[in-house]
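Enquirer: What follows is a structure written as structure tokens; I'll ask about it next.
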Amino acid sequence: MPYKPKKIKRSWVNERKPYGRRLAENEKFYNSWSWRKVRKAFLQKNPTCIKCEAENKVTTAKYVDHIQRIEDGGAKLSEENLQSLCKFHHDSKSGKEAHGYKEKKGIPGKNT
Ligand SMILES: [Zn+2]
């Protein structure tokens, strides 16, 4: 009978988490009551997008973003790790993170 070869444990290689499962875990958190409560309170205190503010614009924030990603060990419910973002800035940040880019200062050619 054929058998599955034993996995060689290479301690110097970081174990990779399956992408799908990580997403599901996040979804569970973002749907949680405690997150909704923190998010709502944070938006009430910080109703404008901080990125737009840096560009001297005032835009109503629709999203509360984790400055340090939860996957990277960022605090989930600590206000110190949260920032208010508009849709544009949230999408551009999350999109880059999902593709493994670190946020850079100033996006060339994107002065909307
Ligand atoms: Zn913005």
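The values are calculated or read from the model by the stated rules, or taken from the named source; none is laboratory data. Keep in mind that this is a model prediction, so the values were computed, not measured. All Cβ positions, glycine included, derive from the backbone under ideal geometry; neighbour counts span all protein chains shown.
Enquirer: Looking only at the stretch 72-99, count how many residues are within 15 Å of the ligand (Cβ to nearest atom) and part of a helix (DSSP H, G or I).
Expert: Final tally of qualifying residues: 10.
Enquirer: Would you confirm whether or not the stretch 44-55 contains a residue that is more than 16 Å from the ligand (Cβ to nearest atom), of a type in the set (D, E, K, R) and at pLDDT 75 or above? Even if it seems obvious, please write down each step before you answer.
Expert: Filtering the stretch 44-55 down to residues more than 16 Å from the ligand (Cβ to nearest atom) leaves 44-45.
Then drop every residue that is not of a type in the set (D, E, K, R), which leaves 45.
So of that shortlist, the ones also at pLDDT 75 or above come out as 45.
Yes, because at least one residue in the stretch 44-55 is more than 16 Å from the ligand (Cβ to nearest atom), of a type in the set (D, E, K, R) and at pLDDT 75 or above.
Enquirer: What are the residues in the stretch 79-95 that are among the small types (Gly, Ala, Ser) and under 10 Å from the mean Cα position of the chain (by Cα), if any? Even if it seems obvious, please write down each step before you answer.
Expert: First pass over the stretch 79-95, keeping only residues among the small types (Gly, Ala, Ser): 84, 92, 94-95.
Within the stretch 79-95, 94, 95 qualify.
Enquirer: Sticking with this one: So which of 16, 69, 36 is away from the ligand (no atom under 16 Å from the Cβ) and at pLDDT below 75?
Expert: Details: 69 fails: at pLDDT below 75; 36 fails: at pLDDT below 75.
Just one listed residue meets the conditions, 16.
Enquirer: Which count do you get for residues in the stretch 56-66 that are closer than 15 Å to residue 93 by Cβ and more than 10 Å from the ligand (Cβ to nearest atom)?
Expert: Pass one, the stretch 56-66, residues closer than 15 Å to residue 93 by Cβ: 59, 61-66.
Then drop every residue that is not more than 10 Å from the ligand (Cβ to nearest atom), which leaves 64-66.
Selection size over the stretch 56-66: 3.
Enquirer: Hey, among the residues in the stretch 55-75 that are of a type outside the set (S, T, N, Q) and more than 20 Å from the chain's Cα centre (by Cα), which one's nearest to residue 29 (Cα to Cα)?
Expert: Step one: list which residues in the stretch 55-75 are of a type outside the set (S, T, N, Q), which gives 55, 57-58, 61-67, 69-75.
This time we only want the ones that are more than 20 Å from the chain's Cα centre (by Cα), so: 55, 57-58.
On the way: 55: 31, 57: 31, 58: 29 Å.
Checked the stretch 55-75; the qualifying residue nearest to residue 29 (Cα to Cα) is 58.
Enquirer: Just name the residue that is farthest from residue 83 (Cα to Cα) out of those in the stretch 35-68 that are polar (S, T, N, Q) and in a loop (DSSP other than H, G, I, E, B).
Expert: Initial filter on the stretch 35-68 (polar (S, T, N, Q)): 44, 46, 48, 56, 59-60, 68.
Now drop any that are not in a loop (DSSP other than H, G, I, E, B), which leaves 46, 56, 59, 68.
On the way: 46: 8, 56: 17, 59: 13, 68: 10 Å.
If we take residues in the stretch 35-68 being polar (S, T, N, Q) and in a loop (DSSP other than H, G, I, E, B), then 56 is farthest from residue 83 (Cα to Cα).
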